[in-house]
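Structure first, commentary second.
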Amino acid sequence: MAQTYLNKKQELFAKFLAEGCTQLDAYTNAGYEPSSSNASTLASQPLVKQRVEELRAEIERKSVEFDILRKQAAGSPESAVEVAAWTFQRVMDMMASNVKFAQAAGEYKAANECLKMMGDALKMFEKAQADATSGKQAGPQNTLALIGQVTQVLADASGGSSPQADNPLAPRLPSTSDA
């Protein structure tokens with residue numbers, strides 16, 4: 001059976017690699033007995049490679065955040081807008097990632113709660129709520145457009161691959177050729 005998660009030592013190994021340690025140093029720092037060949041083997045495992053990339057991306061995000069905050073501290077006028085936009089996008093990306101992890105773990109209630117928070121942040125439900133209060137029903141095109149917005153956020157967070165392509169049940173807007 002293939003390994004689906006990293007144990008504590010493997011996680012530490014990935015962390016040290018992401019921070020720039022050599023494979024042998026990372027292997028030893030993680031608590032393993034020194035062995036270049038074992039360090040190389042561990043570093044080549046797909047789960048370890050994936051985790052190292054995730055950690056490096058997080059390090060890069062933190063670096064960008066630090067640069068933005070440094071600009072803000074220096075009084076750069078565009079920094080406030082940059083901080084707000086960057087923070088919103090980061091939160092949406094993290095939420096999209098949480099949705100994917102929750103769905104993969106079968107935690108659909110948590111995934112749906114996160115999707116609702118994303119919809120609230122995008123103000124997707126305000127018009128629908130106003131329409132419901134006034135007695136109007138939301139049209140299917142509007143509903144599909146709103147679902148499309150969340151789908152796009154999820155696709156952007158997963159590196160551009162559309163969840164619709166993988167899911168035959170995902171909602172789709174009718175194309176002009178369908179008419």
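State, to one decimal in nm, how far the label point of Q45 lies from the label point of V91, with both points 7 Å from Cα in the Cβ direction.
About 3.7 nm, to one decimal.
Determine the distance separating the Cα centre of the range 1-19 from the Cα centre of the range 40-61; give it in Å without decimals.
So the two Cα centres are separated by 8 Å.
Which whole-number percentage describes the relative contact order of the range 1-55, with Cα contacts under 8 Å and a sequence gap of 6 or more? Write down the numbers at each step before the final one.
On the way: 54 pairs, mean separation 22.2, N = 55.
Taking the mean separation of contacting Cα pairs over the length of the range 1-55, I get 40 percent.
Between K8 and D25, what length comes free when the chain is fully extended (0.36 nm per residue of separation minus the Cα-Cα distance, one decimal in nm)?
4.5 nm
Sequence neighbours fewer than 8 away in the same chain don't count; with that in mind, list the lysines whose C-alpha is under 25 Å from K71.
K62
Determine which lysines satisfy two conditions relative to K123: a Cα distance under 26 Å, and not lying fewer than 8 residues away in the same chain.
Output for K123: K100, K109, K136.
Bear in mind these aren't lab numbers, they're just calculated from the coordinates by the rules spelled out. This is a predicted model, so every value here is computed, not measured. We place every Cβ from the backbone using ideal geometry, glycine too, and count neighbours over all the protein chains shown.
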